[in-house]
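Working notes, structure below.
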Amino acid sequence: MKIDAVKTSEQIKKKLHDSGDLKSRNVQFFDTQICILYFAPITDNELLNNTLLYPLINFSDEIKGKDVVEVLRDKVLANQEVTLFSDLQSAIDKLLAGNTLILVDKADKIIGCDMEKITVRAVAEPPTSVVIKGPREGFTESLKFNLALIRKRVKSDDFVVKMLEIGEMTKTQVAVVYFDSIADKKVLNEILKRLQSIKIDGVLDSHFLVAYLQRNKKSLFKQVGDTEKPDILVGKMLEGRVGIIVDGSPIVLTLPFILLEDLQNSDDYYSQPIRVTFVRTLRLVGVILAVLLPGVYIALELYHYKILPTEFLITIMNSTQGIPFSPFIEILFIILLFEILYEANIRMPQYFGMAMSIVGALILGETAVNAGLVSPPAVMIVALSGITFYIIPGQASQFSILRLIGVIIGASLGIYGILLFCVFILSYLCNFDSYKSAYLAPTAPYIQDDQKDSYMRKTIDEMKKRPKSIANNKQNEIRR
Amino acid sequence: MKEKKTEIKKKLKSIFSPKKLVLWLSILILIFTVPAFNKSAMSQTQAIVTMLCVDKIDDKIKVAATVLTPSQDKKANFQVYSGEGETLGYAVDSVSLAIGKEMGFAQCKIMALGENICSEGVMQVLDYMTRTKKVGRNAVLVSFTGGVVDFTQAVANLNLEKSLRLDRIVSFDKRYVLTQDSNIETFYIGYYSPISLGLMSKVKLGTSEEFNAIEVASSDSGSAGGASTDMSSTGDGGENKKFIMNDGTVSLFKNGKHYIDMTLDEVKKANIFVNDAQKGTVVVEGVTDHIYNNAKVVVNILKKDISIKPSFKDGIPIYKTDVDLTVFIDEVIEENPSERLLRRNQDFLTNALIAKIKEKMEGDMREIIKYCQDNEVDLLGVYKHFYALENKDFEEYLNRVGEKNYLDGIDYQISIKVKSEN
Amino acid sequence: MKINYRQLSIMVFMSFIALKFLALPSLLYVESKNMSMLVALALMLIDGIYVFVLLDLMKKSGEKNIYEFMKSCLGTVITKLVLILLILKYALVAGNISKGLEFFVVENLYTEFNWFVFVLPLMILVGFMVYKGIRNIARVGEMVCWAIVIGLIYIALKALSGIDILSFLPFFKDGFKPLVDSAWIHLSWFGSATFMFMLFGFVDFRSEKKTEMIKYIIFAILIVQLLYFVFYGLFEVTCPTHNYCISDISQFSSTYSAIDELSWLVVSMWIVAQAVQLGLYGYCMAQAIKYLFDIKGNILSIIIVVVYLLAWSFIGENTIRMEEIFFTPFASIVTFLAQYILPVVLQIAYTIKNRKKKGGEKVKEVDYEREKNRDKEEVKVNI
């Protein structure tokens, strides 16, 4: 089928509802009419001029008897990526993705040139994972750029990028990245299968995919890892994980995920092992404090005064005297206050947020205590627990819910209830395996070899084997 | 049948369907949670007792308790309340009624027993308090002289104004003067042992004149507390101020009844036999040799190693005690101290001094053995040692002489070695 | 849903110490006085030997569960009778743990306590753990085990200085009879390996390390002996008046507070350990019920277990004391048959059956050594 350049261009315009940003330009190439179509906002003008328009206009060789499309492709277009489309729809798809279409009169193919304008913000240190020592590069919203950041670190033929397109409307590019000889094939296939089966209008961020990748959709607990840093992603891939990069999102998802990952920090690998062991233990204690402290406090107040040393009991008695609310309501009130302040703080513009945190923390807290609405120990306990959340920022949202449950149980059943709650959570998480990896590994099940990088950390040269806690290719367990 | 089964299955499935389970769980959580909204802190609903004093006066049990009371004024944190009744239970209840709160004894660190109740027998009181009222068995147990409320108030004042605590004062003793911890558990162990001997610290109550300078007391005892009855006796004016004093006296209890009091001096002598009481001093007089000239020397015991070897020879029990002492010379008192005492690098632990120390200590030990024999109290653990190490012979011996006089027929051999710190 | 050898060893360890630190030491003291430690030692050693007898049987059973294995050795009728015996044993232990936990919590943590309200969350937890299966219980045990061990050692060491060695002397003053009597009366507190019957076919031996089980058993015995040593050395003649070994030791060794703060953590960990043990014995009971009545699915057997435990809490509260049942010859006989006779009978039956088949086909045993080498890696990760 031969095409009529002008008519087809009109046809495409119509199909795209005469979109205002769709530009076209008709050029006479010898005796052939050529129509160029492109979306102005996503097309690199410089590239368009230099690689298409200038060569096209200045071309003076003899073309008689030659196929114009071939001449254009081979002799005129100074572009890296030139594609020929036989059907209109795929050409339109490419046009939407940033290609410039060249419609040649009486030709049977449409030429597509990649002239996508990549608008990226500068590579900056991601706010969610700041490091003291170590690389500061973070992913951006551009998939190509992100892949470039990874490629810069990985010069191996083993590194594989599998491209997918997800989203009926957005047709978002999704890259599944992994090391072929390290990743577990079953896990990889399962991830690909799940991604390919996604039926959704649009994928605006990588978190849109999380629900499709989780085994237990309604669970409170995080089941998919994420990172904003290429060094972390490569580190995780070297352990056998698979990364999922979504165009338009600086957050890269990683699978399989185990709880220990959030206890680890990229800084850990750039610091002294003894210090790291100490810090990781601190993080673990922090988790326990963050989740249980308010619950235990309320339990002690309501049920177990006999556990408290007398002097401490007197201090609490003196400071809680005259508070109009019951201890349970008091703690709930402070937690609510804290959560409101938190929400307001992170959503507010930075310059205003600073003032807000001072108002919230100092004035509100102080006034509430002075007014006798809440007691100082309760404020201190909730504040301490609130601060401790952010020792492990990756789990903060889960912890705040668990803390609330802990408070309710502590107030209803006391320490005994909290202990049962802990066993329940442990029991729940012990069975929370996904993608062939146990959630609480390498503690339960205990994996001796992986203790080198769990709560304690040994030096890099001592970690000769890849972790067994997560599913990876067992034939390739030695780190080369 | 099959239809019924499927029906039951369907019903079960509907009951345990995820949606309904959420409903059930929500109801359950509500059942647990709703009461918590109105629940006050336990420290407000219970009268938290930190010390309880019990005595018997005119056939009635009288109790006084120090109750923790919330107050911004820290001096008002310990309030004393008292009550009386036919039995201990009634007496405690009467205090409860006066305060309008249940009494909570979980924080009760001290149980003090008056002279009258001690001489009548303390086991029932202890049993009631530990079993029914849940007083911890590690609560310090003391006997006291004086009025119940006065004593309680004086101890409360110690807490308030001097930051001193009776339980710590008494426990501190154990390194120096007491033969063992003075708490309910150790008293039980002593009581249930074959010799049925219990020990308790004795704390006295008196006025400043009575105690002269060695008192541990508050200067303004009347300011604190809201005792219901006998408050006045602690004195508002200063004349009647009552103080407590721990002079190291230990009350001995036989079969749960007060038997005899040991003075500090006697306790110290008994302590020579006890490994736990590591500290102590020995004062010897009239030491004369190339260094000392009729000197009075105070020797500090730094370390004590006691080994007791019970044995039988020709049917006679031998209780051999080897004492190894490491000492340090604390003070030397001479009329005209010579320059020799100031010389460096000189061993001041001379043979003459060692001989004096040995003589003094052996004398002390003999005295305490005599004290035990005279009073028929086995303070030194003679029974326990023979029973454990020479069981058969000892049982034969007991059959021969009887349980009462077994201390008399024993040959006590004492060997003391003294060495200096270096 | 199999568990690995290490997890099995830890479960044996926890089962060995589970019932030992509440009322048992004071009960033993009544008959065997200062020689009580020896009674516990002897019975625990015997239990230890039986662990290996059962391990051997487990290996022989291969992939078969206990029901299939017993049916092939003893026939259906006897198998069902044996299952009833095992259910009784598990019911006794689960009941005792539940009651022990109740009294322990009431005495040590609360001044006002409504057990009827408090038992419901416990049952929800037990039901959940049993539902999630043996791998779940094994993993939870694996997580809490070391915290409990550290706690127990802390409590023991803290109180060690107050011990009077003389209270353990003289040895065997009244001969061996009181010790044998005591062992028989309190036999039902032992028999700690009986839970292993329900793990037939659920253990993956490919990760087996020969000495691991021995280490855990010796460790359990040493810990129990250490705490008993401290308990008897501290309390001497007053031992029979102490019902809660752990909390009483920690209380006694702290002078200035009811129980010091760290000891409260230990007491809390002990409650956790008891809850896990209740889960384990609940699971065993549910499995045995499932086999006995040929129930498909888990829900019904779990409901039976939970209802039984609830019934204990509600009925047993006023009418029957669990300990009284535990003291009866009935309980001792059940334990004796389940723990000490049954494994021997099964061994004999298996041998006879194998002999009969000689010349013909032999019952297939799994060659774990070969399996171990074949796919060693997968086990380590997936269990």
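The values are calculated or read from the model by the stated rules, or taken from the named source; none is laboratory data. Everything numeric here is computed off the predicted structure, so don't read it as measured data. Cβ sites come from the backbone with ideal geometry, for glycine too, and all protein chains shown count toward neighbours.
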Original post:
Do we find that residue C:231 is touching a His at 6+ places or on another chain (Cβ under 9 Å), modelled with pLDDT under 80 and over 16 Å from residue C:102 (Cβ atoms) in this structure?
Top reply: no
**OP:** State all residues of segment A:163-210 that are acidic (Asp, Glu) and closer than 23 Å to residue A:433 by Cβ; if no residue qualifies, say none.
**Re:** A:184, A:190
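Could you check segment C:30-129 for helices (runs of 4 or more DSSP H) lying wholly inside it with 2 or more residues that are within 14 Å of chain A (Cβ to nearest Cβ) and modelled with pLDDT under 90?
Numbers: elements: C:36-61, C:66-74, C:76-109.
Those helices (runs of 4 or more DSSP H) span C:76-109.
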Original post:
Would you call residue B:181 part of a loop (DSSP other than H, G, I, E, B), modelled with pLDDT under 75, touching a Lys or Arg at 6+ places or on another chain (Cβ under 7 Å) and acidic (Asp, Glu)?
Top reply: yes
Original post:
Checking residue A:253 against (1) under 13 Å from the mean Cα position of the chain (by Cα); (2) closer than 23 Å to residue A:457 by Cα, which single condition isn't satisfied?
Top reply: (2)
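Being facing chain B (nearest Cβ under 7 Å) and either touching an Asp or Glu at 6+ places or on another chain (Cβ under 7 Å) or in a loop (DSSP other than H, G, I, E, B) (or both) is the filter here; which residues of segment A:303-315 pass it?
A:303
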Original post:
Residues in segment A:450-460: is at least one closer than 26 Å to residue A:226 by Cα, within 12 Å of chain C (Cβ to nearest Cβ) and modelled with pLDDT of 85 or more?
Top reply: yes
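Take residue A:418 and tell me if it is more than 8 Å from every other protein chain (Cβ to nearest Cβ), farther than 23 Å from residue A:265 by Cβ and not charged (D, E, K, R).
On the way: more than 8 Å from every other protein chain (Cβ to nearest Cβ): yes; farther than 23 Å from residue A:265 by Cβ: yes; not charged (D, E, K, R): yes.
So residue A:418 fits the description; yes.
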Subject >> Boolean, residue B:79 is surrounded by 11 or more Cβ atoms within 10 Å (Cβ to Cβ) and either closer than 22 Å to residue A:303 by Cα or among the basic types (Lys, Arg) (or both) >> reply: no
**OP:** Only residues that are farther than 20 Å from residue B:415 by Cβ and in a loop (DSSP other than H, G, I, E, B): list them for segment B:251-290, please.
**Re:** B:255, B:256, B:263, B:276, B:279, B:288, B:289, B:290
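Looking at segment B:29-41, is at least one residue surrounded by fewer than 24 Cβ atoms within 10 Å (Cβ to Cβ), touching a residue at least 60 places away in the same chain (Cβ under 8 Å) and either facing another protein chain (nearest Cβ under 8 Å) or touching a Lys or Arg at 6+ places or on another chain (Cβ under 8 Å) (or both)?
First, the residues of segment B:29-41 that are surrounded by fewer than 24 Cβ atoms within 10 Å (Cβ to Cβ): B:29-40.
Still in the list and also touching a residue at least 60 places away in the same chain (Cβ under 8 Å): none.
No, segment B:29-41 has no match at all.
Residue-wise test of (1) outside any loop (DSSP other than H, G, I, E, B); (2) touching a Cys at 6+ places or on another chain (Cβ under 8 Å).
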| position | (1), (2) |
| --- | --- |
| B:44 | yes, no |
| B:63 | yes, yes |
| B:66 | yes, no |
| B:71 | no, no |
| B:79 | yes, no |
| B:83 | yes, no |
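Kindly check whether there is at least one residue in segment A:325-347 that is among the hydroxyl-bearing types (Ser, Thr, Tyr), buried (at least 16 other Cβ atoms within 10 Å of the Cβ), under 36 Å from the mean Cα position of the chain (by Cα) and at pLDDT below 90. Lay out the reasoning, then the answer.
Let us first name the residues in segment A:325-347 that are among the hydroxyl-bearing types (Ser, Thr, Tyr), namely A:326, A:342.
Filter once more, keeping what is buried (at least 16 other Cβ atoms within 10 Å of the Cβ): A:326, A:342.
Filter once more, so that each one left must be under 36 Å from the mean Cα position of the chain (by Cα): A:342.
Keeping just the survivors that are at pLDDT below 90 gives A:342.
There is at least one residue in segment A:325-347 that is among the hydroxyl-bearing types (Ser, Thr, Tyr), buried (at least 16 other Cβ atoms within 10 Å of the Cβ), under 36 Å from the mean Cα position of the chain (by Cα) and at pLDDT below 90.
Considering each of A:182, A:150 in turn, give the residue that is under 16 Å from the mean Cα position of the chain (by Cα) and either over 16 Å from residue A:253 (Cα atoms) or crowded, with 21+ Cβ neighbours inside 10 Å (or both). Walk me through how you get there before you give the answer.
Values: A:182 fails: under 16 Å from the mean Cα position of the chain (by Cα).
Exactly one of A:182, A:150 is under 16 Å from the mean Cα position of the chain (by Cα) and either over 16 Å from residue A:253 (Cα atoms) or crowded, with 21+ Cβ neighbours inside 10 Å (or both), namely A:150.
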Subject >> Those residues of segment B:123-140 which are among the charged types (D, E, K, R) and either facing another protein chain (nearest Cβ under 10 Å) or farther than 20 Å from residue A:305 by Cα (or both), in sequence order >> reply: B:127, B:131, B:134, B:137
**OP:** Please give the number of the condition residue B:288 fails out of (1) β-branched (Val, Ile, Thr); (2) buried (at least 20 other Cβ atoms within 10 Å of the Cβ); (3) over 33 Å from the mean Cα position of the chain (by Cα).
**Re:** (2)
**OP:** Residue by residue through segment A:26-50, note down the ones that are in contact with a strand residue (DSSP E or B) (Cβ under 9 Å, 6 or more places away or on another chain) and either within 20 Å of residue A:108 (Cα to Cα) or among the aromatic types (Phe, Trp, Tyr) (or both).
**Re:** A:26, A:27, A:28, A:29, A:32, A:33, A:34, A:35, A:36, A:37, A:38, A:39
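Of all residues being among the small types (Gly, Ala, Ser) and surrounded by 15 or more Cβ atoms within 10 Å (Cβ to Cβ) in segment C:142-186, which is farthest from the other protein chains (Cβ to nearest Cβ)? Just the residue, please.
C:183
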Original post:
So which residues in segment B:1-37 are in contact with a Leu (Cβ under 9 Å, 6 or more places away or on another chain) and modelled with pLDDT under 75?
Top reply: B:12, B:15
Subject >> Only one of C:168, C:172, C:176 that is touching a helix residue (DSSP H, G or I) at 6+ places or on another chain (Cβ under 6 Å) and of a type outside the set (A, V, I, L, M) >> reply: C:168
Subject >> Pair list, Cβ under 6 Å, 6 or more apart: segment A:319-331 residue at the interface with chain B (Cβ under 8 Å from one of its Cβ atoms), other residue of a type in the set (Phe, Trp, Tyr) >> reply: A:328/B:37
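Quick one: which helices (runs of 4 or more DSSP H) sit completely within segment B:341-422 and have at least 2 residues that are modelled with pLDDT of 85 or more and within 14 Å of chain C (Cβ to nearest Cβ)? Step through it out loud before you land on a result.
Numbers: elements: B:351-375, B:382-389, B:391-401.
Helices (runs of 4 or more DSSP H) meeting the threshold: B:382-389, B:391-401.
Could you list all residues from segment B:100-124 that are part of a loop (DSSP other than H, G, I, E, B) and among the polar types (S, T, N, Q)? Explain how you work it out, then say what you get.
If we filter segment B:100-124 for residues that are part of a loop (DSSP other than H, G, I, E, B), which is where we start, we get B:100-101, B:105-109, B:121-122.
Result: B:107, single match.
Name the one entry in A:413, A:429 that is within 7 Å of chain C (Cβ to nearest Cβ) and of a type in the set (A, V, I, L, M, F, W, C).
Details: A:429 fails: within 7 Å of chain C (Cβ to nearest Cβ).
One residue alone meets the criteria, A:413.
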Original post:
Considering only residues of segment A:99-121 that are touching a Gly at 6+ places or on another chain (Cβ under 8 Å) and part of a loop (DSSP other than H, G, I, E, B), which is modelled with the lowest pLDDT?
Top reply: A:117
**OP:** Consider residue A:364 carefully, then state whether it is assigned to a helix (DSSP H, G or I) and within 28 Å of residue B:69 (Cα to Cα).
**Re:** no
Original post:
Restricting attention to segment A:437-452, does a residue exist that is on the phi > 0 side of the Ramachandran plot, out of contact with any Cys (no Cβ under 7 Å at 6 or more places or on another chain) and in contact (Cβ under 8 Å) with a residue 40 or more places away in the chain?
Top reply: no
Subject >> Test set (1) at pLDDT 90 or above; (2) loosely packed, with under 15 Cβ neighbours inside 10 Å; (3) more than 30 Å from residue A:346 (Cα to Cα) - residue A:201 fails condition number >> reply: (3)
